[in-house]
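These notes concern the structure reproduced below.
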Amino acid sequence: FNLVEGNRTDECSAGALVTSGDDARLPIEFSRAIGNVLRHNSFVRSRTDGVLVTSRKPGADDPAPSIAGTLVEFNIVRDAPVAYRSGPSSDAAVFRRNHAYFWNPIPSGKEIGFKIERPSGAVTVDENTVEGAVGELRPKGVVEVERAE
């Protein structure tokens, strides 16, 4: 259980990375990072993700996700290719009342507000806003929520 609150990052690989440090070669029998909270943070110009909740890919023998029960709320991400991402080994996450700005063009050309990579995961995306280059909500060319199938 960790609380990450009131921070600002500028030009990082990922603004915030929530990970358990699990070795990709070992199976996960139970979640090791539980109940983390990221609140009232600002992440500007991250090169990959503004907020990334685990990038570990689960193995075939993993009965549990690496990270569970993460709450991400009241954060601001500006100018990252993916503002908020719940990775393939994250479950039971809540993304609530966050804001994503896409003011400057992303070199890859694909901008995503919320990316959920665990198809069977219980990840809630609620009451968030995504803003485009001239302040418009629901901007054209920006994927607000992308879920794995």
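The values are calculated or read from the model by the stated rules, or taken from the named source; none is laboratory data. Just so you know, these numbers come straight off a predicted model, no measurement behind them. So basically every Cβ, Gly included, is an ideal-geometry build from the backbone, and we count neighbours across all protein chains shown. To get the accessible areas, we keep the full protein, side chains included, count just its heavy atoms, and leave off ligands, DNA and RNA. Shrake-Rupley method; radii C 1.70, N 1.55, O 1.52, S 1.80 Å.
Farthest towards the positive end of the charge dipole of the chain, among the residues SER20, PRO63, SER31, is the Cα of SER20, using unit charges on the Cβ of Lys, Arg, Asp and Glu.
Spatial offset of segment 42-118 relative to segment 127-149 amounts to 14 Å, using the alpha carbon center of each. Gyration tensor over the Cα atoms of segment 40-101: the corresponding equivalent ellipsoid has semi-axes (square roots of 5 times the eigenvalues, largest first) of 24, 13, 6 Å.
Each eigenvalue of the Cα gyration tensor of segment 29-149, multiplied by 5 and square-rooted, gives one semi-axis; in descending order these are 25, 14, 12 Å.
In segment 98-144, the C-alpha radius of gyration followed by the widest Cα-Cα span (Dmax) gives 11.7, 35 angstrom.
Expressed as a fraction of 2.2 N^0.38 Å, the C-alpha radius of gyration for segment 1-41 is 1.43.
Let me have the relative contact order for the chain, percent, based on Cα pairs under 8 Å that are six or more residues apart.
Working: 432 pairs, mean separation 29.5, N = 149.
It comes to 20 percent, rounded to a whole number.
Rounded to the nearest 20 debye, the dipole magnitude of the chain is 200 debye, with +1 charges on Lys and Arg beta carbons, -1 on Asp and Glu beta carbons, and the Cα centre as origin. Summing charges over neighbours of GLU73, with a neighbour being any other residue whose Cβ is under 13 Å away from its Cβ, gives 0 when K and R count +1 and D and E count -1. Accessible-area rank, largest first, for HIS40, HIS99: HIS40, HIS99, with all protein chains present and a 1.4 angstrom probe.
Largest first and in whole Å, the equivalent-ellipsoid semi-axes of segment 67-114 read 22, 13, 5, each the square root of five times a Cα gyration tensor eigenvalue.
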